[in-house]
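The block underneath contains the structure these notes are about, expressed in C-alpha cells.
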Amino acid sequence: MPGKAVVSLSTGLEDTEKVTVAFLVAVGAAESGRPTLMFLTKEAVRLALDGVAVAVACDGCPPLATLLERYTAAGGRYYVCPICFDAKKLDKAGLIANAEIAGTAPMWDWIGDEGATTFSY
C-alpha cells in the first residue's frame, strides 16, 4: 500500500487558486490509493462546512465542489482545527460527512510511526 499523505491548508476562499491546488494534490494522493488527510486551519476550516466550497478558481479550473466529491469518493478525510473552528464560532452540525474536529495530536496519531508525505498551502 502506498504511504500516507497529509495536506495542510490554512487558506480559504480568499485565495481560491491556492485552495484548488491543495485539493488537486489531495485528490491525486487519495485517488492513487494513499490514505490521505487534509488538515484545515485558519480560514480553511470553513471549507469543511456543507455548501461552502463551491467556487471556481479560474477559467479551466475544476469547481471546488467537484474536487470535494472526488476526494470523498477516494476515501479522503479532513481534520478541522478545533481552535480555529471555535474561534470563528462555527456550527459543528454543518460539517461535511468526512470531516471531524481534531487537532495536531490526533493528526500525529493518524500519521503514526510510518510517517507521511506532507504538503502545506
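Going by what's in this entry, would Ala22 be described as of a type in the set (Gly, Ala, Ser) and surrounded by 20 or more Cβ atoms within 10 Å (Cβ to Cβ)? Spelling it out, Ala22 is indeed of a type in the set (Gly, Ala, Ser) and surrounded by 20 or more Cβ atoms within 10 Å (Cβ to Cβ). Considering only residues of segment 52-78 that are touching a residue at least 24 places away in the same chain (Cβ under 8 Å) and surrounded by fewer than 14 Cβ atoms within 10 Å (Cβ to Cβ), which is farthest from the chain's Cα centre (by Cα)? Only one residue tops the list, namely Cys58. Listed by first and then second residue, the pairs with beta-carbon distance under 8 Å, at least 6 apart or on different chains, first residue in segment 89-105 and more than 14 Å from Ser8 (Cα to Cα) and without any contact (Cβ under 8 Å) to a residue 12 or more places away in the chain, second part of a loop (DSSP other than H, G, I, E, B) and of a type outside the set (Gly, Ala, Ser), form an empty list. Just one of the numbered conditions (1) free of Cβ contacts under 8 Å to residues at least 40 places away in the same chain; (2) among the polar types (S, T, N, Q); (3) surrounded by 14 or more Cβ atoms within 10 Å (Cβ to Cβ) is not true of Ser32: (3).
Residues being at pLDDT below 95, touching a Ser or Thr at 6+ places or on another chain (Cβ under 8 Å) and over 12 Å from Thr20 (Cβ atoms): count how many of those fall in segment 46-99. Adding up the residues that qualify gives 1. Among the residues of segment 6-15, is any within 14 Å of Thr117 (Cβ to Cβ), surrounded by 21 or more Cβ atoms within 10 Å (Cβ to Cβ) and either in contact with a strand residue (DSSP E or B) (Cβ under 8 Å, 6 or more places away or on another chain) or of a type in the set (D, E, K, R) (or both)? Yes, segment 6-15 contains a residue that is within 14 Å of Thr117 (Cβ to Cβ), surrounded by 21 or more Cβ atoms within 10 Å (Cβ to Cβ) and either in contact with a strand residue (DSSP E or B) (Cβ under 8 Å, 6 or more places away or on another chain) or of a type in the set (D, E, K, R) (or both).
The values are calculated or read from the model by the stated rules, or taken from the named source; none is laboratory data. Everything numeric here is computed off the predicted structure, so don't read it as measured data. Every residue, glycine among them, receives a Cβ derived from its backbone with ideal geometry; neighbour counts consider all protein chains shown.
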